[in-house]
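The values are calculated or read from the model by the stated rules, or taken from the named source; none is laboratory data. Computed from a predicted structure; not experimentally measured. Positions of Cβ are backbone-derived with ideal geometry, glycine not excepted, and every protein chain shown enters the neighbour counts.
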Amino acid sequence: MFRAAYENAARKVDRDLVGTAPSRAQLHRWISGGLKRLPYTDHCRVLETMFPGWTADQLFGPWSDDLPPGVDRAVAPPRDGPLPLIALDGPGLPLAGVAAVFTTRAEFTYAMPPQVMFDDAQDIRAAGLSLNLLCQQYPDQRLRRLVESGTRLECLFLDPDGDAIKARECEEGYTDHYLSTLTKLNIEVLARVRDRLPAEARDRLSLAVYDETIRFGIVLIDGATCVMQPYLPQARGVDSPTFLLRRDAGGVGLYNTFEQIYRELSERSRPV
């Protein structure tokens, strides 16, 4: 999320600075409070654009209750803790709840690993094709512990024996039933996890399939965060843009749109 905000600000400052966002380790050094001198000048220019009203000296200096003129306390760095990530959907930036955009799912999972999204979640609802984010990138044992601890998990897969998945295989150029086989495998993975749960926890993991033209991959977390991917022609899901959406307190925005799509898809699905 920080990288996406940084690149957006860099584009405004100087397009030659796009791609100069700090590494994860470098960002950690920035927010740890231990820098002996300011980052490079170009970094400072971008940071001052990300945090209007703040100079680089102030951003990396000791905390003070005296805010710079024109800076709202609501967007100021917290007294105890690192600098906050810039809010892309804050006041005056009507982005319909879009918090970050990634050009591919690979970039998204690098910035937001599955364990960061799921480890503390209490409610996860996912709909897509094979749901690799949950089934291939999040360990079975971790998933089992999550459900045992009280998390509710609902997964909607594209029916591996349906017509829609055959059409998608043709679109992506597969001739060996690759998507059908992968989806069956992932369903079996979660079914095995469910079977190994204590009896009182099994109802918290539900699996279902649907047979409709696939348009989006949707993951809803705790009724507040949505990870959404459109399915593009001839492009694998891992190569598709990925959007991180936050629920708008006023009941408007894209989170509500995709939650409604998920809800209607769930109503038309068939339990496994």
Please determine, by comparing only the residues of segment 7-39 that are among the acidic types (Asp, Glu) and not in a loop (DSSP other than H, G, I, E, B), which one is nearest to the chain's Cα centre (by Cα).
7
Matching option when the condition is closer than 19 Å to residue 122 by Cα, out of contact with any helix residue (DSSP H, G or I) (no Cβ under 9 Å at 6 or more places or on another chain) and either at pLDDT below 95 or assigned by TED's automatic domain parsing to the domain that holds residue 165 (or both), among 264, 259
259
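Would you say residue 235 is over 22 Å from residue 119 (Cβ atoms) and either surrounded by 13 or more Cβ atoms within 10 Å (Cβ to Cβ) or of a type in the set (S, T, N, Q) (or both)? Break it down stepwise before answering.
Details: over 22 Å from residue 119 (Cβ atoms): yes; either surrounded by 13 or more Cβ atoms within 10 Å (Cβ to Cβ) or of a type in the set (S, T, N, Q) (or both): yes.
Yes: the conditions hold for residue 235.
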Residue 116 vs. criteria free of Cβ contacts under 8 Å to residues at least 40 places away in the same chain and either closer than 24 Å to residue 225 by Cβ or in a strand (DSSP E or B) (or both)
yes
Those residues of segment 182-239 that are free of Cβ contacts under 8 Å to residues at least 60 places away in the same chain and polar (S, T, N, Q) come to a total of 3
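Quick test for you: out of 194, 246, pick the one residue that is farther than 24 Å from residue 107 by Cβ and surrounded by 14 or more Cβ atoms within 10 Å (Cβ to Cβ).
Details: 246 fails: farther than 24 Å from residue 107 by Cβ.
The conditions single out 194.
Hey, could you check segment 119-140 for residues that are hydrophobic (A, V, I, L, M, F, W, C) and over 18 Å from residue 231 (Cβ atoms) and say which is surrounded by the most Cβ atoms within 10 Å (Cβ to Cβ)?
Step one: of segment 119-140, the residues hydrophobic (A, V, I, L, M, F, W, C) are 121, 124, 126-127, 129, 131, 133-135.
Those still in the list that are over 18 Å from residue 231 (Cβ atoms) too: 121, 124.
Values: 121: 17, 124: 22.
Top of the filtered list is 124.
Counting just the residues of segment 42-73 that are outside any helix (DSSP H, G or I) and among the polar types (S, T, N, Q), which one comes out modelled with the lowest pLDDT? Talk me through it step by step, then tell me what you get.
Our first condition is that a residue be outside any helix (DSSP H, G or I); within segment 42-73, this holds for 51-55, 61-72.
Restricting the remaining residues to those that are among the polar types (S, T, N, Q) gives 55, 64.
Working: 55: 87, 64: 62.
Per the criteria, the residue is 64.
Against the condition modelled with pLDDT of 80 or more, under 25 Å from residue 99 (Cβ atoms) and either assigned by TED's automatic domain parsing to the domain that holds residue 104 or basic (Lys, Arg) (or both), how does residue 29 come out, does it pass?
Numbers: modelled with pLDDT of 80 or more: yes; under 25 Å from residue 99 (Cβ atoms): yes; either assigned by TED's automatic domain parsing to the domain that holds residue 104 or basic (Lys, Arg) (or both): yes.
Answer is yes for this residue.
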Any chance you could count how many residues in segment 163-177 are surrounded by 13 or more Cβ atoms within 10 Å (Cβ to Cβ) and not small (Gly, Ala, Ser)?
8
Here is a list of conditions, (1) closer than 23 Å to residue 5 by Cβ; (2) surrounded by 18 or more Cβ atoms within 10 Å (Cβ to Cβ), and residue 209 meets all of them except one; can you say which number that is?
(1)
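Wholly within segment 192-272, which strands (runs of 3 or more DSSP E) include no fewer than the required count, namely at least 3 residues that are under 16 Å from residue 134 (Cβ atoms) and of a type in the set (A, V, I, L, M)?
205-210, 216-221
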What single numbered condition from (1) part of a helix (DSSP H, G or I); (2) buried (at least 19 other Cβ atoms within 10 Å of the Cβ) fails to hold for residue 160?
(1)
